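A short write-up of the structure that comes next.
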Amino acid sequence: MRYRGYFSRDEREARSRLAQLVCQKPFVYGSIVTSKRKCGKTNCRCKKKQGAGHVSSYLSVRIGKKRKMIFIPQGMVEKVREWTKIYRQINEQLINISESCAERIREG
């Protein structure tokens, strides 16, 4: 690989941003899913009110060919939401870098 000046300005910025995201912040692949469930207790509010339920949040991830749901404690939902957002930003930077490399191939 050649020195950094070999890369276009856009590619250098994408690589720099990618390094910052990967090294400095936590990230996770998946989507957050929220659901309401009734617990089954006879005196619970979810039984008494129509449409009421206990809200649960899960991280939905694909492991191999199967989809897994990982429970997210209520206090961590915003953190995990931020981590999934960072993962999407990392993916965007990888796509930008890949497009730059493909352009170099086309140029010969």
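Things worth noting here:
- Share of Cα-Cα pairs in region 7-107 lying beyond 19 Å, as whole percent: 61
- The loop-placed trypsin sites (Lys or Arg not before Pro) in region 1-91, going by DSSP, that have at most 16 neighbouring Cβ atoms within 10 Å of their Cβ come out as R2, K38, K41, K49, K65.
Read the figures in this text as sums done on the coordinates, not as results from a lab. From a predicted model like this one, the values you see are computed outputs, not experimental measurements. Backbone-built Cβ (ideal geometry, glycine too); neighbour counts: all protein chains shown.
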